[in-house]
Amino acid sequence: MNLAVELQGLSLKNPIMPASGCFGFGREFHEFYDLNELGAIMIKAATGTARFGNATPRVAETSSGMLNAIGLQNPGVESIIENELPFLQQFDTPIIANVAGSTEEEYVYVANKLSEAEGVAALELNISCPNVKNGGIQFGTNPEEAMALTEAVKAVSRVPVYVKLSPNVSDIVAIAQAVESAGADGITMINTLIGMQLDLRTGEPLLANGTGGLSGPAIKPIAIRMVRAVREHVSLPIIGMGGVSHAEDVLEFLLAGADAVAVGTANFTNPYCCKNIIDALPDTLDRYGYASVKDIVERSGRRGISISSS
Amino acid sequence: MNLAVELQGLSLKNPIMPASGCFGFGREFHEFYDLNELGAIMIKAATGTARFGNATPRVAETSSGMLNAIGLQNPGVESIIENELPFLQQFDTPIIANVAGSTEEEYVYVANKLSEAEGVAALELNISCPNVKNGGIQFGTNPEEAMALTEAVKAVSRVPVYVKLSPNVSDIVAIAQAVESAGADGITMINTLIGMQLDLRTGEPLLANGTGGLSGPAIKPIAIRMVRAVREHVSLPIIGMGGVSHAEDVLEFLLAGADAVAVGTANFTNPYCCKNIIDALPDTLDRYGYASVKDIVERSGRRGISISSS
Amino acid sequence: MQKVEQMTILENRLIAKDTYELKVTGALMNEMRTPGQFLHIAIGDGWEHVLRRPLSIANVDHHIVTIVYKVLGKGTAKLATKRQGDQLDVLGPRGNGFPVENIHDCNILLIGGGVGIPPLHYLGKQLLTQGNQIFSLLGFQTKEQVFYEREFGRLGEVMVTTDDGSYGKKGRVTDHVAQFKGIDLTFSCGPKPMLKAVSDLPLPGYVSLEERMGCGIGACFACVCEANDERGYVKVCADGPVFRKGEVVL
Amino acid sequence: MQKVEQMTILENRLIAKDTYELKVTGALMNEMRTPGQFLHIAIGDGWEHVLRRPLSIANVDHHIVTIVYKVLGKGTAKLATKRQGDQLDVLGPRGNGFPVENIHDCNILLIGGGVGIPPLHYLGKQLLTQGNQIFSLLGFQTKEQVFYEREFGRLGEVMVTTDDGSYGKKGRVTDHVAQFKGIDLTFSCGPKPMLKAVSDLPLPGYVSLEERMGCGIGACFACVCEANDERGYVKVCADGPVFRKGEVVL
Ligand SMILES: Cc1cc2nc3c(=O)[nH]c(=O)nc-3n(C[C@H](O)[C@H](O)[C@H](O)COP(=O)(O)OP(=O)(O)OC[C@H]3O[C@@H](n4cnc5c(N)ncnc54)[C@H](O)[C@@H]3O)c2cc1C
Ligand SMILES: Cc1cc2nc3c(=O)[nH]c(=O)nc-3n(C[C@H](O)[C@H](O)[C@H](O)COP(=O)(O)OP(=O)(O)OC[C@H]3O[C@@H](n4cnc5c(N)ncnc54)[C@H](O)[C@@H]3O)c2cc1C
Ligand SMILES: Cc1cc2nc3c(=O)[nH]c(=O)nc-3n(C[C@H](O)[C@H](O)[C@H](O)COP(=O)(O)O)c2cc1C
Ligand SMILES: Cc1cc2nc3c(=O)[nH]c(=O)nc-3n(C[C@H](O)[C@H](O)[C@H](O)COP(=O)(O)O)c2cc1C
Ligand code: FES
Ligand code: FES
C-alpha cells in the first residue's frame, strides 16, 4: 500500500514520525529499529545556548497519560548541529528540527542555524512549551505574538516552517489563523496540556517544576477536537499528535484533518511503537476501506490543502 | 474521624458529593445506598423550560475517560421542583442545584425559582456546559460576562451561589477572580474539557453532537493544576472535581486547595463510588497523617478562606 | 437494593467468528429471571474502561447465566481475554425485559440480527414453557458469524439468513419474514434499520433497542429515545430496552 | 539491537511486608549478566500505565532472573497481582551496572537501604566468586520489612539495622558503618540522603541512584543528575544508575 504523503516542502515515505522530545536525537531508538523506516524525525528542542532544564523529578504518571517538565534541556543549537545531526544525516529520513527560545532573537538565531544544517527538511517552531517560564508559551497563547514570531522566523529560514500550537488556549483556531496569515508552511499540534500531580505525603507538587505537560492517550480526544477545528478554518498541512499509540489512532487523526501524525509518549511505553504503527498501517487502512494515505486525505473532504505535486 | 466541612453557607457532614449530571436527581442511586451518607448532592442542570437535549449517541469512551454531549436534557425548573426535589427533601443532605440557561434572563429565572425551593442549600451556576450552542459557555470564557451573570443571579438568589468554571480557557484564574469580585459565594471546578472522537468507519464524529465534554481520571491532572492556580489567587471556597475515583484523589484535591470534592464519571464505573470514598476517607487521611478534613485544609497553607463559624 | 457483584467466570469460548459464549455464576444469579434484561459489566481493572458494557442475558440455567457477545471494540476485546476462574464485576440485571407472563398458546416469531440474537434465546425458552409455538428468524452478515442455530432449533423452527448468502437464505431477515404465516406476535432485537422494518409489519410485538449508555441505571440521560406518547422520551436502560412496537420513534 | 520481550513469570511471592520476590525467565536471559543493571518493565495491558517501572536485577541463576520489589504505588500494586504463567513485558537489561571485572581480593562493604538492597545481592554474589570478602550492612524501616538477610548471609557477614530498632541494630545504616574496619571499597544503593552520607565516608566506592524515568533508554532527559565533571549532567538510565563516588552531585 502507498503510505507516502507530500506536505508543504516535505516528502514523507509514510505519515509517521516520533514527536519532539520523545525520541532524543534518534540514537537510542536506532538500537531498537532502523530509523530509515520512519516518515520523518522530530528532534528535541534546540535553544541558542545549552540549557540544563528543570530539577528532578521531571516526570510523573497519570491515568492513561504522563506529566513531564523536562524544561527544554538541550546542549544548544551549535552542539546539536555538530554532535547530533551527523548521526541522523546517515538516514534517508527527513529531520524536522524543533526550535525554542525565550526571546524572538533567540528563536531567529536558532532557526537560522538549523535551517542551514544538512538533513533538516523543516523547522518546528515550538511556541507552546509549558515547562519553562520563558519557553515561548507566551508566543503561543497570543495571536499577535504568534504572528510576529512566525514572520520573523520565516524571514530567515531556508526550509519550511511548521508552527507547533499549544492546547492551553480558549481559541486555538485564532492562533492557527494568525500563523497561517504570517506565512507558516504548516502546523503541528498539539503540545501538552498543563497539569499537576501532588505528592500526597508532602502536599506539594510531585514534579520539581510544579506543573508539567500532560501527554498520552488521555489527551487524544482534545487533540482530535482541535485538529478538526483548525482543519475547518485553515488550509495548511497539519501534523497531528496527542495520544497516538495505535494505527487506528493515526487513522483518526488523518480523518480529523491531519496530513501526518507524530507519536510522543507511546515511544516510552513501547520503544517499537512507531515501527509497529507503520507496519500495521496498511492492514488498518485496508480494513476501513482506504487504498492509501492520500485516499484518506482526499476523501475526508477537507478544504483545498496545498499538496505540492513533486 | 471528623469529616465535616463548613463552606460558605453549606454545612457538610463530609466533603463528598456527586457531581451535577452524573447522579440525576438521586432516585436511581438511592437503590444502591442511603443518600443520607453523602455530604451533599449536586443535581442535574435545570433550565427555564424542558429541553430534550442532543441526538444520540451521547456518550463515548476514551482512555481513562469519557465524552458526553447530553445537551442539558431536563424537564424544566418547575417540573424539577414539583417532581424531583420532593424525593430529595426526605434526606438530611443539602441539595446544590445546577442552574443553566441560554440567556441571562433564563439563568435569573431558574436561579430565582430554585433558590426558593425547600432543601436547596446552594446554587451552582453552570457557565461552562460545552454541549449546547447556547448553554452558557459564552459566559464562562469571558470574565466580563461571567461577572455580569454572577451579579444578576446573586441579586435574586436566597442561597449561596457557587459558580462552575470551564477549563477550556487560556486563563481560568481571571474568570475565578471575576466571579469573586461579582460576589460569588464559592467556585466549583472543573467542568469538562471539549473533546471529540471519530467513528473510523464513517470518518464522522461518534457523538451526534460532534464534540463532547471529556471527563474522568484522564483530566484529573488538569483539574488539580487549575484548582491550585485558582486557590493561589482567590479566597472563596472551592468544590473541586475532575477524575475523582478514590479517596486518595479526594486528598489530592483538598491539598490542591479544594474545600470539598465532587465525583462525576466514577459513579458510572462504580455506582457505589461516592459511598466507598466516604467509607475509605478516615483511613486514607489517617495514613497520610491528617486528623480531620479541616486539618488538611488548615495545614495546606491556603490564604484566609472565609469559613463560616456556624 | 440494587447490587454490583463479582461473578465468577466458568467458561469463555469462541463459538463463531469474533463471537464468544461466556458463562458466569455468583450470588447475583437469584435476580436473573427476566429475558430481555441486560447485565452492565465493568471490564478491566483500573480505570482504563470507565464505562460498563451492556450485554444481554442469553440463557439462565442451573445457576449459570450465559452471555453471547461479539468482539467489536476495546472492551469486548478485553473481555475475550478473560479466563475461567477470573472475576467479573457485574451490575444488574437492569432494564425492563420482555413481558412474558401473560403470553400463552400463541404463534411467536423471534426476529434477531447479529448481537441482537442472544436475548431472544432466553426469551424463546421461557415462551416455550408457557405453551407457545416458537419460530425464529436469525440474520447474520456471513456464514462464519452464525451462532446458536442449534439452540434456537430446540425451541422450534429456525430460518437463518446471511447478507451475502454464504449460509441459509440470502438477504436480510426482513426479506424473509413474509414466509412465516399465522404469527400472533413478534419479538425482535437487532440494528435499528431492522427494528424499523419489523415495526412496519402489520403484526403486534415488541422490539429491544440498543443505545450507548453512561450509567445504565437511568440517571445520566445518555440513552434516551424519542417516545410516541406524552412522556416525550424514554430511557433505553431504565424504561427499556424492550418497548412495545410503536411506543418509540425508530 | 535492543530488545523488548515477553518473559514468563515463574513465581511472585510475598517475602516481607509489601515486598515481593518475582522470578521470571525468557529469551532475554542471555543478556543478563551485569549486577546493577535494571529491567524496565511495562505493567498492565492497555495504556493505563504509560510509563515502565525500573526494577533491579537481584539475582540471575540457572536462566532465571529474580527481582525484589516493594509495593509503593499503582504500578507495583498491579505487579503484585500477577500470577505464575503470566507474561511480563520487559525492556532491558538497561544501564551501566557495577564494575566488577577487576575487583579481586578486596574487603567489600555493601550498604543498602530498603529497595536499594536487591541489586547489591547479585553484585555480592559476583564479587564473592572473584575472591573478595563481603560485608553487608542492610537498613530497613522496621522489622516486618526485613528481607534477604539469609541470602546476604551466604555471602559473608551481615548487619541489619531498623529505623525503629525493632530488629537488628537501631538507627540508620550510616550510624553503624564505622563498625566495619579494613574496608577497601563500598557499594551502596538506597535513598539519596543515605547515598550522600555514604559518599562522605573516606572510602572509595560506587553508588547506585534512583530517579523517576520516562524512556529508560537515554532519550527523554527525564532522569538527569548533575555531574561533577565537564559533562555537566548525566542520565541515570543510560550513564548510570551506578556512578563512582564523587562523580555526581547528590
Ligand atoms: C441493552 C443492550 C443489550 C446488548 N446485548 C448485547 C449482547 O447480548 N451481545 C452483544 O454482543 N452485544 C450486546 N449489546 C451491544 C454491546 O453493548 C456493544 O457491542 C458493546 O458495548 C461494545 O463494546 P466494545 O468495548 O466492544 O466497543 P467500544 O467501541 O470500545 O465501546 C465504547 C463504548 O460504546 C458503547 N457501545 C459500542 N457499541 C455499542 C452498541 N452497539 N450498543 C451499545 N453500546 C455500544 C460501549 O458500551 C462503550 O461504552 C447490547 C447493547 C445494549 C444497549
Ligand atoms: C535504576 C532503578 C532501580 C530500581 N530498583 C528497584 C528494585 O530492585 N526494587 C524496588 O522495589 N524498587 C526499585 N526501584 C524503585 C522502583 O522503580 C519504584 O519503586 C517503582 O517504580 C514505583 O512504582 P509504583 O508503580 O509503585 O509507583 P507510582 O507512584 O505509581 O509510580 C509512578 C511513576 O513514578 C516512578 N517512581 C515512583 N517511585 C520511584 C522511585 N523510587 N524511583 C524511580 N521511579 C519511581 C514510577 O516508575 C512511575 O513511572 C528502582 C528504581 C530505579 C531508578
Ligand atoms: C518527555 C517529553 C518531552 C517533550 N519535549 C518536547 C520538546 O522539546 N519540544 C516540543 O515541541 N514538544 C515536546 N513534547 C511534546 C510532544 O512532542 C507532543 O507534542 C506531546 O507529548 C503530545 O503527544 P503524545 O501524547 O503522543 O506524547 C515533549 C513531550 C514529552 C512527553
Ligand atoms: C454525563 C455527564 C453529564 C453532565 N452534566 C452536567 C450538568 O448537567 N451540569 C454541569 O454543571 N456539569 C455536568 N457534567 C460535568 C460534571 O458535573 C463534572 O464537572 C465533570 O464530569 C468532571 O468530573 P468527573 O471527571 O468526575 O466526571 C456532566 C458530566 C457528565 C459525564
Ligand atoms: S445510560 Fe444513563 S440514563 Fe440510560
Ligand atoms: S529516562 Fe529518559 S533519559 Fe533517562
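Along the charge dipole of segment A:5-303, pointing to its positive end and built from +1/-1 on Cβ of Lys, Arg, Asp and Glu, which listed residue (A:Thr56, A:Met17, A:Ala152) has its Cα farthest out?
Value: A:Thr56.
Which values, in whole Å and largest first, are the semi-axes of the equivalent ellipsoid of segment D:98-206 obtained as the square root of 5 times each eigenvalue of the Cα gyration tensor? Could you put the intermediate results ahead of the total?
Details: eigenvalues 88, 45, 28 Å².
Square roots of five times the eigenvalues give 21, 15, 12 Å.
In the protein assembly as shown, with Lys and Arg counted as +1 and Asp and Glu as -1 at Cβ, which of these residues, A:Ile238, D:Pro118, B:Ile187, has the Cα nearest the positive end of the dipole, that is, farthest along it?
D:Pro118
Cβ under 13 Å from A:Asn112's Cβ, A:Asn112 left aside: what net charge do those residues give with Lys, Arg +1 and Asp, Glu -1? Present the calculation step by step, with values, prior to reporting the outcome.
Values: positive: A:Lys113, A:Lys154, A:Arg158; negative: A:Glu78, A:Glu104, A:Glu105, A:Glu106, A:Glu116.
Value of the local net charge: -2.
If you project the alpha carbons of segment C:209-249 onto their three principal axes, what span does each projection cover, largest first, in Å?
Here the spans come out as 25, 17, 12 Å, largest first.
Need one value for D:37-49: mean number of C-beta atoms belonging to other chains within 10 Å of its residues' C-beta atoms. Mind showing how you got there, number by number?
Numbers: counts 0, 0, 0, 2, 0, 3, 0, 4, 4, 12, 16, 16, 7.
So the per-residue partner count for this stretch is 5.
Whole angstrom only: what separates the Cα centroid of segment C:181-212 from the Cα centroid of segment D:120-198?
Value for the Cα centre distance between the two parts: 75 Å.
Using only helices, what value at 222 nm comes out for the protein assembly as shown when you add -39,500 (n - 2.57) per DSSP H run of length 4 or more and divide by the total residues, to the nearest 500 deg cm²/dmol?
Details: 32 runs with 272 residues, N = 1120.
Value at 222 nm, helices only, nearest 500: -6500 deg cm²/dmol.
How high is the relative contact order of chain B? Use alpha-carbon pairs under 8 Å, at least six apart in sequence, and give a whole percent. List each step's numbers first, then the result.
Details: 742 pairs, mean separation 63.3, N = 310.
Here the relative contact order equals 20 percent.
Setting aside same-chain residues fewer than 8 positions from D:Lys181, which aspartates and glutamates have a Cα under 19 Å from its Cα?
D:Asp105, D:Glu157, D:Asp200
What's the Cα-based Rg to Rh of segment D:4-94, Rh via Kirkwood? Each step should come with its number before you reach the end.
On the way: Rg = 11.9 Å, Rh = 13.0 Å.
Rounded to two decimals, Rg/Rh equals 0.92.
Quick one: check the C-alpha center-to-center distance for segment A:189-211 versus segment B:138-197, whole angstrom.
Answer, in whole Å: 24.
Provide the net charge surrounding C:Asp45, with neighbours chosen by a C-beta distance below 13 Å and charges set as Lys +1, Arg +1, Asp -1, Glu -1. Please list the in-between numbers first.
On the way: positive: C:Lys78, C:Lys82, D:Lys74, D:Lys78, D:Lys82; negative: C:Glu48, C:Asp86, C:Asp89, D:Asp45, D:Glu48.
With Lys, Arg at +1 and Asp, Glu at -1, the neighbours total 0.
Taking the Cα centre of chain D as origin, sum charge times position over the Cβ atoms of Lys and Arg (+1) and Asp and Glu (-1), and report the length of that vector in debye to the nearest 20.
Details: 28 positive and 28 negative charges, 84 e Å.
The dipole of chain D has a size of about 400 debye.
How much net charge surrounds B:Thr56 when only other residues with a Cβ under 12 Å from its Cβ are counted (Lys, Arg +1; Asp, Glu -1)?
Working: positive: B:Arg58, C:Lys192, C:Arg212, C:Lys235; negative: C:Glu210, C:Glu211, C:Glu226.
Once all neighbours under 12 Å are counted, the net charge is +1.
Arrange the following residues from fewest to most other Cβ atoms within 10 Å of their Cβ: B:Glu84, B:Glu298. Before the final figure, lay out each step's value.
Values: B:Glu84 20, B:Glu298 14.
Final ranking by Cβ density, sparse to dense: B:Glu298, B:Glu84.
Dipole magnitude of chain A about its Cα centre, charges +1 at Lys/Arg Cβ and -1 at Asp/Glu Cβ only, in debye to the nearest 20?
Details: 21 positive and 34 negative charges, 98 e Å.
With Lys and Arg at +1 and Asp and Glu at -1, about 460 debye.
Obtain the nm distance between the two label points defined at C:Gln84 and D:Val249 by a simple spin-label model: each point lies 7 Å from its Cα along the Cα-to-C-beta direction.
6.1 nm
Scale the Cα Rg of the protein assembly as shown by the rule-of-thumb value 2.2 N^0.38 Å and send over the ratio, two decimals.
Values: Rg = 31.0 Å, N = 1120, 2.2 N^0.38 = 31.7 Å.
Its radius of gyration relative to the 2.2 N^0.38 Å reference: 0.98.
If you build the Cα gyration tensor of chain A and take the root of 5 times each eigenvalue, what three semi-axes come out, in whole angstrom, biggest first?
Working: eigenvalues 137, 99, 83 Å².
Gyration-tensor ellipsoid for chain A: 26, 22, 20 Å.
Which lysines, on any chain, are close to B:Lys44 with Cα under 24 Å apart, when same-chain ones fewer than 8 places away are left out?
B:Lys13, B:Lys113, B:Lys133, B:Lys154, B:Lys164, B:Lys220, B:Lys275, C:Lys3, C:Lys235
Could you pull out every one of the aspartates and glutamates with an alpha carbon less than 17 Å from that of D:Lys23, ignoring same-chain neighbours closer than 8 positions?
Partners found: D:Glu5, D:Glu11, D:Glu31, D:Asp61, D:Asp86, D:Asp89, D:Glu151.
Which whole-angstrom value gives the distance between the alpha carbon centres of segment B:32-77 and segment D:1-75?
44 Å
Using R₀ = 51 Å, calculate the FRET efficiency as 1/(1 + (r/R₀)^6) where r is the Cβ-Cβ separation of B:Asp171 and A:Glu248; round to 0.05. Working shown, then result.
On the way: r = 35 Å, r/R0 = 0.69.
Rounded to the nearest 0.05, the efficiency is 0.90.
Once the Cβ-Cβ distance between C:Ala227 and C:Asn102 is put in as r, and R0 is 35 Å, what FRET efficiency do you end up with, to the nearest 0.05? Mind dumping the intermediate values first?
Working: r = 23 Å, r/R0 = 0.66.
E(calc), rounded to 0.05, equals 0.95.
For chain D, take the longest principal axis of its alpha carbons; what is the angle in degrees between that and the long axis of helix D:117-129, to the nearest 10 within 0 to 90?
With both axes taken from Cα atoms, the answer is about 70 degrees.
Under the Karplus relation 6.51 cos²θ - 1.76 cosθ + 1.60, θ = phi - 60°, what is the ordered set of whole-Hz ³J(HN,Hα) values for segment A:19-30, x standing for Gly and Pro?
7, 4, x, 10, 8, x, 10, x, 3, 5, 6, 5
Going down the list C:Lys70/C:Lys125; D:Lys78/D:Lys169; C:Lys74/D:Lys74, which pairs span over 29 Å between their C-alpha atoms? Don't skip to the end; give the middle numbers.
Values: C:Lys70/C:Lys125 22 Å; D:Lys78/D:Lys169 33 Å; C:Lys74/D:Lys74 22 Å.
With Cα atoms farther than 29 Å apart: D:Lys78/D:Lys169.
What area, in nm² and to one decimal, does the C-alpha convex hull of chain D cast on average over all directions?
Average of the hull's projected areas for chain D equals 13.1 nm².
Which whole-Hz ³J(HN,Hα) couplings does segment B:210-224 yield from phi under the Karplus relation 6.51 cos²θ - 1.76 cosθ + 1.60, θ = phi - 60°, glycine and proline marked x?
Per residue, the Karplus-derived 3J(HN,Hα) values read x, 8, x, x, 8, 9, x, x, 3, 9, 4, x, 6, 5, 4 Hz.
Read-outs throughout are calculated quantities, based only on the coordinates presented, and are distinct from any laboratory measurement. The structure displayed is predicted, hence computed values, not measured ones. Quick reminder, even Gly has a Cβ in these numbers, built from the backbone with ideal geometry, and neighbours come from all protein chains shown.
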